[in-house]
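Take a look at the structure below.
The values are calculated or read from the model by the stated rules, or taken from the named source; none is laboratory data. Because the structure is predicted, anything quoted here is derived from the model rather than measured. Counting neighbours? That spans all protein chains shown, and the Cβs are built from the backbone with ideal geometry, glycine included.
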Amino acid sequence: MSFLPFTTATRSSHRNPPLLEIQQLSASYAGTGHPPVFNDISLKIHQGEVICLLGASGCGKSTLLRTLGGLQPAQKGSIFLEGEKVRATRPEIGFVFQKAVLFPWQNVRKSIAFGLTLRKGPRYKNADLRKKVDAALDDVGLHDAGHLHAHQLSGGMAQRVSLARALAREPSLLLLDEPLGALDAITRLEMQKLILDVAERHKIAVLWVTHDIDEALLVADRIFLMDRRPGRIVDEWHVSSPKPRFDSLDSLLPLRMTILSALSKVAGALRSSDPASLSTAA
Amino acid sequence: MSTTSKRWLSHFLPFTGVAAGLLLWWLATRGESVLAASFSPVETFKALVQLIRTGEIWPHLTASTIRVAEGLGLAALIGIPLGIIQGMNPNLERATSILFQFIRMISPLAWMPIAVMLLGIGDAPVLFLLTVAAVWPLLLGTISGVHAVDREHLTLARSLCASPLEIVTRVVVPSIIPHLLTGLRLAMGVIWIVLVPAEMLGVQAGLGYFILDTRDRLAYSELLAVLLIIGAIGYAFDAFLRNAHQRWDHSKH
């Protein structure tokens with residue numbers, strides 16, 4: 001089956017030590033004592049890789065992301081960033097959330113500068129700060145929008161600012177929590193391309209949470225499928241077809257079918273074992 | 001009715017109330033009695049002009065304004081940081097909830113004898129009373145402001161590795177400014193009300209002092225003139241803060 005643009009993962013093709021490695025990670029919503037939201041997850045992310053985490057709402061994707069980034073504590077297991085244990089948020093890790101989360105009292109430039117004037121992480125002043133903000137605005141195609149405030153931005157523009165704010169801090173890993181979930185289809189496609197472009201240009205690894213199979217197929221080098229209750233990784237696929245993939249959509253169809261059937265298995269397992277969970281798992 | 005005339009009417013209506021008040025005042029002080037006549041609007045405005053022209057009122061006005069500024073400043077210095085600490089620590093807030101609501105219900109004027117016993121006669125007890133009066137609206141306004149801070153804003157700041165102090169100064173404080181302005185406006189209102197009785201505590205200048213002084217001199221038209229001044233300044237302060245509040249809101253929306 002070597003003609004297919006994907007393979008079922010059995011080994012990692014990377015030789016270098018991973019950028020991020022997690023081992024047997026578990027976490028719950030509210031500290032220990034609660035049942036885990038996700039359980040026993042191990043994975044490696046290499047430099048510059050784009051990984052999509054696919055799964056239904058409530059499967060713990062977002063919690064996994066927040067735990068990876070140090071925003072909330074793990075119950076069990078460990079996280080290593082370039083071999084170093086992660087215990088709190090790190091400047092090398094950038095976040096973009098589903099909402100852009102822009103402060104209403106700041107315009108676009110100030111929003112980006114905010115992340116460049118904190119004590120931990122890259123810190124700039126005056127002319128250097130202006131240059132960095134300009135570069136970040138250029139990265140996301142917003143050089144003319146620096147003076148606008150959050151309420152004057154469309155959803156797509158706001159999310160660009162949010163991306164620029166994370167990029168300006170020169171992260172080596174970007175954690176995206178359904179960043180395009182609230183956007184229309186066309187804006188989504190534009191943003192997918194933009195994120196891929198900047199990630200490639202700056203050699204940033206991306207862990208991208210989504211519930212959209214097509215999004216995962218278009219952007220990912222690897223796709224993980226998460227099951228829920230407790231969340232765990234049940235499948236992994238490599239997508240080797242070159243990007244951008246709009247010209248070779250047909251070649252992605254077999255993988256799409258494979259993922260769909262894996263999804264239906266996850267859903268089927270849910271239905272047969274616990275009929276009540278379907279209605280409560282929203 | 002057209003919208004322009006409606007708007008004109010809504011601007012005009014408040015002044016009809018003022019005019020009616022003046023009319024009632026004039027009617028109430030009309031008559032043969034000399035005493036009543038000294039309370040009349042005409043005499044009062046004459047006295048007002050006199051007070052301003054001779055400059056007699058200025059030392060009292062400045063003394064009172066400085067006291068208000070000091071009281072408000074001291075209350076802000078205590079109430080705002082305390083409110084932020086409380087708002088961010090639910091346990092601390094719960095621990096102090098009964099205590100604070102209890103103390104808050106004691107009229108600042110009820111502290112008068114204690115203030116005098118502790119601090120003697122003069123400026124210190126007055127400042128104490130003004131601060132006690134003004135600290136509550138600022139403290140409670142700050143706490144409710146901190147509660148209203150968007151959790152996602154805090155998470156975002158944490159995702160950018162902001163320290164707890166940076167989160168307070170760069171996210172919480174700018175978020176609560178509208179609440180602070182409301183608290184400041186309420187504090188201003190109550191401090192201005194407490195000022196006059198507090199200044200009857202043996203100080204040598206101030207609008208409260210001046211009221212007692214006019215009473216002792218039987219200068220009733222001057223007394224009423226001082227009341228007019230107190231009302232006018234209070235109204236001006238309030239209008240200024242209300243305006244600041246609206247401006248802050250408009251700068252965002």
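In summary, B:LEU77 fulfils each of the numbered conditions (1) surrounded by 21 or more Cβ atoms within 10 Å (Cβ to Cβ); (2) closer than 28 Å to B:PRO178 by Cβ with the single exception of condition (1). Checked against (1) in a helix (DSSP H, G or I); (2) more than 14 Å from every other protein chain (Cβ to nearest Cβ); (3) crowded, with 18+ Cβ neighbours inside 10 Å, B:LEU201 passes all but a single condition, namely (1). Filtering segment B:145-166 to residues that are buried (at least 19 other Cβ atoms within 10 Å of the Cβ) and more than 10 Å from chain A (Cβ to nearest Cβ) leaves B:GLY145, B:VAL146, B:VAL149.
For segment A:140-148, state whether one or more residues are touching a residue at least 24 places away in the same chain (Cβ under 8 Å) and within 18 Å of the chain's Cα centre (by Cα). Within segment A:140-148 (the criterion being touching a residue at least 24 places away in the same chain (Cβ under 8 Å) and within 18 Å of the chain's Cα centre (by Cα)), the answer is yes, since at least one residue qualifies. Do you know which residues across segment A:58-73 are more than 12 Å from chain B (Cβ to nearest Cβ) and not basic (Lys, Arg)? Hits for segment A:58-73 are A:GLY58, A:CYS59, A:GLY60, A:THR63, A:LEU64, A:THR67, A:PRO73. The set of residues in segment A:40-77 being among the acidic types (Asp, Glu) and surrounded by fewer than 17 Cβ atoms within 10 Å (Cβ to Cβ) consists of A:ASP40 alone.
What about A:ALA166, is it more than 21 Å from B:THR155 (Cα to Cα) and surrounded by 18 or more Cβ atoms within 10 Å (Cβ to Cβ)? Judged against the criteria, A:ALA166 is not a match. Considering A:LEU81, A:LEU118, the condition of being of a type in the set (A, V, I, L, M), without any contact (Cβ under 8 Å) to a residue 12 or more places away in the chain and buried (at least 19 other Cβ atoms within 10 Å of the Cβ) is satisfied by A:LEU118 alone.
Being touching a residue at least 40 places away in the same chain (Cβ under 8 Å) and crowded, with 21+ Cβ neighbours inside 10 Å is a property that B:ALA133 has. Is it fair to say B:ILE176 is touching a Ser or Thr at 6+ places or on another chain (Cβ under 7 Å), within 14 Å of another protein chain (Cβ to nearest Cβ) and in a helix (DSSP H, G or I)? Judged against the criteria, B:ILE176 is a match.
Condition first: among the small types (Gly, Ala, Ser) and touching a residue at least 40 places away in the same chain (Cβ under 8 Å). Now tell me which residues in segment B:176-234 satisfy that. Once the filter is applied, which keeps residues that are among the small types (Gly, Ala, Ser) and touching a residue at least 40 places away in the same chain (Cβ under 8 Å), segment B:176-234 yields B:GLY183, B:ALA187, B:GLY189, B:ALA198, B:GLY202, B:ALA205, B:GLY206, B:GLY208, B:ALA219, B:SER221, B:ALA225, B:GLY234. Number of residues in segment A:208-220 that are farther than 15 Å from A:LEU175 by Cα and surrounded by 20 or more Cβ atoms within 10 Å (Cβ to Cβ) equals 3.
Filtered by the rule that a residue be of a type in the set (A, V, I, L, M) and either modelled with pLDDT under 85 or farther than 16 Å from A:VAL209 by Cα (or both), segment A:38-66 gives a lone residue, A:ALA56. Of all residues in segment A:103-120, those being within 11 Å of A:ALA164 (Cβ to Cβ), in contact with a His (Cβ under 8 Å, 6 or more places away or on another chain) and of a type outside the set (D, E, K, R) number 1.
Looking only at segment A:235-257, residues that are buried (at least 17 other Cβ atoms within 10 Å of the Cβ) and in contact with a strand residue (DSSP E or B) (Cβ under 7 Å, 6 or more places away or on another chain) come to 5 in all.
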